[in-house]
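Trainee: I have a structure here, written as structure tokens, and I will follow up with some questions on it.
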Amino acid sequence: MKIDKSLHDDFATLTLKGEFDTFYCPALMQEVEALLERGVHHLILDMRLVKFINSTALGAVIKAHKRCRAEGGDLVVAQPSPFVRDVMSKVGIDKLITLHDTEADATKAIIKHLNQKELTGTASVDHEKVLISFADDIRNKMIGGKKSLLGQMANVDGYKVQFHWSGTKNGISADAAKQLFFAGGEVDLKFQVRMMKKSFFELSAVVESVEAAGDGIRVTAKFKKISEGDRSALTQFADDMAFLKKQLPGK
């Protein structure tokens with residue numbers, strides 16, 4: 001099987017071609033996880049060219065759907081081949097994952113879901129990922145030479161950012177995590193706030209405080225250098241979210 005990927009503004013389309021069996025399940029999940037790490041949580045699986053799909057592959061599709069949902073996104077199937085539609089219908093997967101006859105219908109459904117998230121205030125910054133890297137060799141050795149760490153955004157405005165990082169998942173204790181993010185230490189951050197900017201913010205910041213939070217730490221850092229355009233966009237975002245929280249029921 002072959003997987004072609006098309007990236008759009010807020011979602012991606014994965015076109016599957018050939019026979020989708022057990023051997024190709026890891027390849028699909030690898031593509032899905034890579035997109036989720038980039039902050040792309042809405043996916044279309046175009047299956048018009050899938051000639052065969054087995055039970056393990058059906059499980060992989062369900063797993064991918066659940067992963068997207070867990071990140072606040074969605075996964076739908078577009079143009080399933082007669083074989084795929086028949087199998088999914090018989091198993092009952094069509095009751096869990098929506099099957100669309102055309103790519104246009106699938107795209108409309110994804111855009112509708114994105115718009116609903118924005119209108120109900122659920123597309124907040126805490127659904128976004130942040131890539132964290134260090135400029136010094138000491139901390140890079142502490143994380144085993146990895147190019148970057150993956151954290152989760154909590155809050156951001158034009159001057160500061162707050163994010164959560166779980167060292168436990170990376171085999172790093174809470175005390176060691178605090179050594180990575182010590183007060184006054186610089187961090188390089190790459191993150192996305194899709195309601196304000198399609199591209200990524202890439203900014204350096206200085207850690208102000210670190211505190212325990214759940215299974216990891218919550219880091220607050222002040223931007224070291226930021227353009228007026230980026231500061232204005234992030235300030236507007238923070239003001240808009242504060243307004244929405246006051247206006248929406250239950251906020």
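Trainee: What fraction of the Cα pairs in segment 125-247, stated in percent, has a spacing above 21 angstrom?
Mentor: Every Cα pair in segment 125-247 considered, those over 21 Å come to 36 percent.
Trainee: Also, quick follow-up: Measuring from label point to label point, each 7 Å out along Cα→Cβ, what is the S6 to E103 span in nm?
Mentor: About 0.2 nm separates the two model spin labels.
Trainee: Dipole of the chain, Cα-centred, from +1 at each Lys and Arg C-beta and -1 at each Asp and Glu C-beta, to the nearest 20 debye?
Mentor: Its charge dipole is roughly 200 debye.
Trainee: Quick one: Karplus J couplings for segment 133-139, per residue in order, coefficients 6.51, -1.76, 1.60, θ = phi - 60°, nearest Hz, x for Gly and Pro?
Mentor: Once rounded to whole Hz, the list reads 9, 10, 8, 9, 5, 4, 6.
Trainee: If N is the number of residues in segment 1-122, what value comes out of its Cα radius of gyration divided by 2.2 N^0.38 Å?
Mentor: Ratio of Rg to 2.2 N^0.38 Å for segment 1-122: 0.98.
Trainee: Right, something else. Taking the number of other C-beta atoms within 10 Å as the exposure measure, put E228, E202, E71, E128 in order starting with the fewest.
Mentor: E228, E202, E71, E128
Trainee: Residues with amide H under 5 Å of G167's amide H, sequence separation 5 or more or different chain, H placed in the peptide plane at 1.01 Å from N; which?
Mentor: I217
Trainee: Quick check on the exposure proxy: order I93, I110 from fewest to most C-beta atoms within 10 angstrom.
Mentor: Ordered by Cβ neighbours within 10 Å, fewest first: I93, I110.
Trainee: Give me, ordered by chain and number, the residues 5 or more places off G73 or on other chains with an amide H under 5 Å from its own placed amide H.
Mentor: Residues meeting the amide H criterion: none.
Trainee: Starting at the first residue of segment 175-192, write each ³J(HN,Hα) from the Karplus equation 6.51 cos²θ - 1.76 cosθ + 1.60 with θ = phi - 60°, in whole Hz, x for Gly and Pro.
Mentor: Listing the rounded values in order: 5, 5, 5, 5, 6, 5, 10, 6, 4, x, x, 8, 9, 9, 10, 10, 8, 10 Hz.
Trainee: Order of Y159, Y24 from fewest to most other C-beta atoms within 10 Å?
Mentor: Exposure proxy ranking, most exposed first: Y159, Y24.
Trainee: Return, ordered by residue number, the residues of segment 173-188 whose backbone nitrogen is under 16 Å from a label point located 7 Å along Cα→Cβ of E208.
Mentor: 182-187
Trainee: Is any helix in the chain, taking whole DSSP H runs, at least 20 angstrom long along its axis by alpha carbon and on average at least 0.5 on the Kyte-Doolittle scale, and which ones?
Mentor: None pass (Cα extent of 20 Å or more, hydropathy at least 0.5).
Trainee: Checking the table K129/K224; K66/K225; K160/K198; K63/K108; K51/K146; K2/K95 against a 31 Å threshold on Cα-Cα, which pairs fail?
Mentor: K66/K225; K51/K146
Trainee: Let me ask another. Which translational diffusion coefficient, to the nearest whole µm²/s, is obtained for the chain from the Stokes-Einstein equation, given a Kirkwood hydrodynamic radius over C-alpha pairs, 4 °C and 1.567 mPa s?
Mentor: Approximately 65 µm²/s, per Stokes-Einstein.
Bear in mind that the values in this text are calculations on the coordinates, not laboratory data. As the structure is a prediction and not an experimental result, all values here were calculated from the model. So basically every Cβ, Gly included, is an ideal-geometry build from the backbone, and we count neighbours across all protein chains shown.
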